1. Can you work out the FRET efficiency for the pair D253 and A25, with r the C-beta to C-beta distance and R0 = 25 Å, to the nearest 0.05?
2. Which net charge results when you count Lys and Arg as +1 and Asp and Glu as -1 among the other residues whose beta-carbon is under 15 Å from that of F353?
3. Which FRET efficiency value, to the nearest 0.05, do you get for I7 and N163 by plugging their Cβ-Cβ distance into 1/(1 + (r/R0)^6) with R0 = 41 Å?
4. Anyone know which of S80, S49, S157 comes out most mobile in the 10 Å Cα GNM of the chain?
5. With springs only between Cα atoms under 10 Å apart, run a GNM on the chain and tell me which of K51, K208, K389 wobbles the most.
6. Taking every pair of alpha-carbon atoms in the stretch 191-264, give the share separated by more than 18 Å as a whole percent.
7. Using a 7 Å offset from the Cα along the Cα-to-Cβ direction at both V319 and N195, what is the distance between the two label points in nm, to one decimal?
8. Tell me which of M397, H305, C357 sits at the most positive position along the dipole axis of the stretch 289-409, charges placed on C-beta atoms (Lys, Arg +1; Asp, Glu -1).
Amino acid sequence: MKLNASIELKSRLTHAAENGSVIAADILTEIKRNADVAEIIRGSYNFFSTKRKRSNMESYQRIRIMVTACNKDLANENFSDRNNPQAPWFPENRTDLEPSKFVRLFKNLPEYSDTDMAYFASAICIDSKVTVKLLEGVQDFFEAYNGENYGHTADSSESCLHNSCMRHESMARNAADFYVNFAGAKILVARDSGNNVLGRAVVWENVKSLSEDTPAAGLTMLDRVYFTHSFVAEMMKEHARNLGITFRKTCNDYSHTKEVTALNDDVDSEIRRGNPYYLRLAVEVPAHKWHKKGAPYMDTFFSVHLDRDGMELRNFDSVEAIATLRNTSGNATQTRSVCPNCGSLHNLTDNAFCPSCRQLLYQHTEFGDVMRSGVVEYGGRAYPSVLFKKKRPKPAMRLYLQVNKLYMA
């Protein structure tokens, strides 16, 4: 008797192999041998198919794939369904197999690592070819962040993609605006054949290391990966490696901001593929005028740093930090103010100006402090004219307006 596998099982194995599962590819090779089942499978198992086990979560379904098979001796004279061609498919004649047990039934396959086994068990949950692309437009970010575009299943009860705090439409809008028009980042997106988003991760370019023991510049980094299925995260990391990206986060969370692992060597430094590093990293912010408002919750580069050399996003806090990006409301949290007259930093007060500029620009009267300036309208709002030249904001005022957009939800 030949090995019998259902159409769905073959389809899942084919797509899992396309999506990088070595085990799925090896099993398909065994099935295609068209040999007697006894030469391929241990025991009396045959007539293999799949079975879905569902658990309803808040906004998606957790689906695990079990392999089912008939392990009855169909030729036994005492078998009650003997000679019935449908006997192998009756539920009472079938048994459920965990993916790992199914793999171990194959006599000619090697021992696989736990990592390969976990990848296989996750990959057969998606009956689709998965593609991973590096994108950079506002619409690309918005679609990748908007929860309406996510796949409806996951292989875990704690899908980090479905539980992302930035999945709501208004949050996705601000995230897309920020990443493209403020931070100049790109995004790695995984989709199935139905164009459903299965994974996303921000990609940073022009990253520099400020750590004294590992100084470097011109690096790239894959930020935290949000995914529905664990194998998708591994696909995305491998794609990032193939793109030549320098680092990925060692721990796929929001708390280990300085811990990274090298995906590739860096020829200009001592960074070597596979090695872990603990680095103080920074990304220069291009921050141009098209940024309208808001900021996302940031897992890694959560601190907005400002000095004479410009603005940076950093993975650590510092005294020059003007804002933190750890707010789930779609905007930043202000920690220091930028003076709109001189551009210096000062502690938060009820006045936008630093103490020196306040003393320079205000005059004390019997009715309180009065500004020694006229008024000019800009963007539908009234501002002191001293901050403008020919009705255009001076550099310090332009910086002030640019930074304040971060705090608008």
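Just so you know, all these numbers are worked out from the coordinates, no wet-lab data involved. Computed from a predicted structure; not experimentally measured. Because the Cβ atoms are built from the backbone with ideal geometry, glycine has one as well, and the counts that use them run over all protein chains shown.
1. 0.20
2. Here the charged neighbours net out to +2.
3. Values: r = 34 Å, r/R0 = 0.83.
With a Förster radius of 41 Å, E is 0.75.
4. Judging by the Gaussian network model, the answer is S80.
5. K389
6. Numbers: 1093 of 2701 pairs.
For the stretch 191-264, the share of Cα pairs beyond 18 Å comes to 40 percent.
7. Distance between label points: 5.3 nm.
8. Positive-most Cα among the choices belongs to M397.
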